[in-house]
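Notes to accompany the following structure.
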Amino acid sequence: MARRRPVGPILLLAFVVVPLVEIVAIVQVGQVIGAWWTVAILVLDSLIGAWLVRREGGRALQALREALAAGRMPSKELADGALVLIGGTLMLTPGFVTDAFGALLVFPLTRVLFRGAVTAWFARRITVAGTPGGAAGFGFGGTGPFGPGPFGAGPDARRPGPGSQGPVVRGEVVDDES
């Protein structure tokens, strides 16, 4: 059975530490440039963040469509989409620290630094679950019927397609006995 991480430290970080750091940063900036300029920068930063997320989200969606049309696993594209979504959420949240981290996740040049971690995180949680008839679906957590490893990789983990049991023929069963 998989070991579960405690959620308490994550919640403490998200709801106590990050807001306190944001408040300190906003107060410090406000003392240097004034309260109204600080508010104006925060609003402008959110507007720029929304524009950037829309642009990069559209690019990530287009890349995902192209990967699916080419018939290849869109792991890079899915990771980019997740990073743009998370980064956009952080950029729309008022604060300088979350905006800076969100921008790192949204910009294509810095997004590459985080893509490997996101892909590895998903790979640890996804397994291939099969049915007795051989059809495969995706499940989260644990080990699939094809054995341990990323995506439950086993002898027929890549089905449908040619394999040890022959090619997969898609079709419909019609009962002619009337």
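Scanning segment 27-69 for residues that are small (Gly, Ala, Ser), more than 17 Å from residue 83 (Cβ to Cβ) and assigned to a helix (DSSP H, G or I) gives 30, 35, 40, 46, 69.
Here is the figure for segment 29-62: residues that are polar (S, T, N, Q), surrounded by 12 or more Cβ atoms within 10 Å (Cβ to Cβ) and either over 30 Å from residue 76 (Cα atoms) or touching a strand residue (DSSP E or B) at 6+ places or on another chain (Cβ under 9 Å) (or both) total 1. Mind listing just one residue for me: the one in segment 7-22 that is surrounded by fewer than 12 Cβ atoms within 10 Å (Cβ to Cβ) and under 15 Å from residue 95 (Cα atoms) and, of those, modelled with the highest pLDDT? Ranking the candidates gives 20 first. Take residue 128 and decide whether it is β-branched (Val, Ile, Thr), modelled with pLDDT of 75 or more and more than 30 Å from residue 20 (Cβ to Cβ). When the stated conditions are applied, residue 128 does not pass them. Per the listing 89, 110, 98, the residue uniquely under 23 Å from residue 14 (Cα atoms), among the β-branched types (Val, Ile, Thr) and free of Cβ contacts under 8 Å to residues at least 12 places away in the same chain is 110.
Right, residue 157: at pLDDT below 80, of a type in the set (A, V, I, L, M, F, W, C) and under 14 Å from the mean Cα position of the chain (by Cα) or not? No.
The values are calculated or read from the model by the stated rules, or taken from the named source; none is laboratory data. Keep in mind that this is a model prediction, so the values were computed, not measured. Note that we place each Cβ from the backbone using ideal geometry, even for glycine, and neighbour counts take in every protein chain shown.
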